[in-house]
Structures are given as structure tokens and as C-alpha cells.
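The values are calculated or read from the model by the stated rules, or taken from the named source; none is laboratory data. Fair warning: this is a prediction, and the values are worked out from it, not measured in the lab. Neighbour counts are summed over all protein chains in view; Cβ atoms, including those assigned to glycine, are modelled from backbone coordinates with ideal geometry.
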Amino acid sequence: MENENEMTSEEAQRLVRYLQAELERQRAANAEMRKAVAELARAFQETLARANDAAEGGDIARVRQITYENRQAWQAYLHQIVQATTRKTDS
């Protein structure tokens, strides 16, 4: 009598195909997340430099505007990150 815990060759091959496909989905999600995080970091550095320049020039209204723009960019990038992870894990 065959052990109940043993897989047939066909079951093992199906499992291997599934795991390979899942690995590819995870790699794609990770690549998208890395891209979004890199864009987020670049945007933050850029707006930080712009805000610093405006502050040194005494333009508080410009600092405020840059801060609002930065917050909107952060929200967009975070949304992009969430979409990348949910899209890949739901499929």
C-alpha cells in the first residue's frame, strides 16, 4: 500500500509548475515595488532640496506648496506599491 503522503509524479510536476509560476509572480511584484520605492526616494530628495532652497530664500508659501506636492506624491507612490502587491498576490 502506497503512503498517503507521497505524491504521484503528475502531482509533483503540477506542484513544481505552480511554485515556479508563483515565484515569477513574486519576482514581478518585487520588481514593481523596488521601482516604486526608488521613485519615491527620488521624489522625496527632489522636493526636500526644492523646499530647502525656498526656505533659504524666505519663501514660506513656496515651502508650503512643495510640502503639499510632496504629500500628494507620497500618497500616489504608496498607492502604486499597494497596487503592485495586491495585483500580483490576487491573481
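Results, tabulated for the structure shown:
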{"read-out": "Residue satisfying all of: in segment 1-53; closer than 23 Å to Thr86 by Cα and acidic (Asp, Glu); surrounded by the fewest Cβ atoms within 10 Å (Cβ to Cβ) among these", "value": "Glu24"}
{"read-out": "Criterion (at pLDDT 90 or above and out of contact with any Cys (no Cβ under 8 Å at 6 or more places or on another chain)) met by exactly one of Arg34, Arg14", "value": "Arg14"}
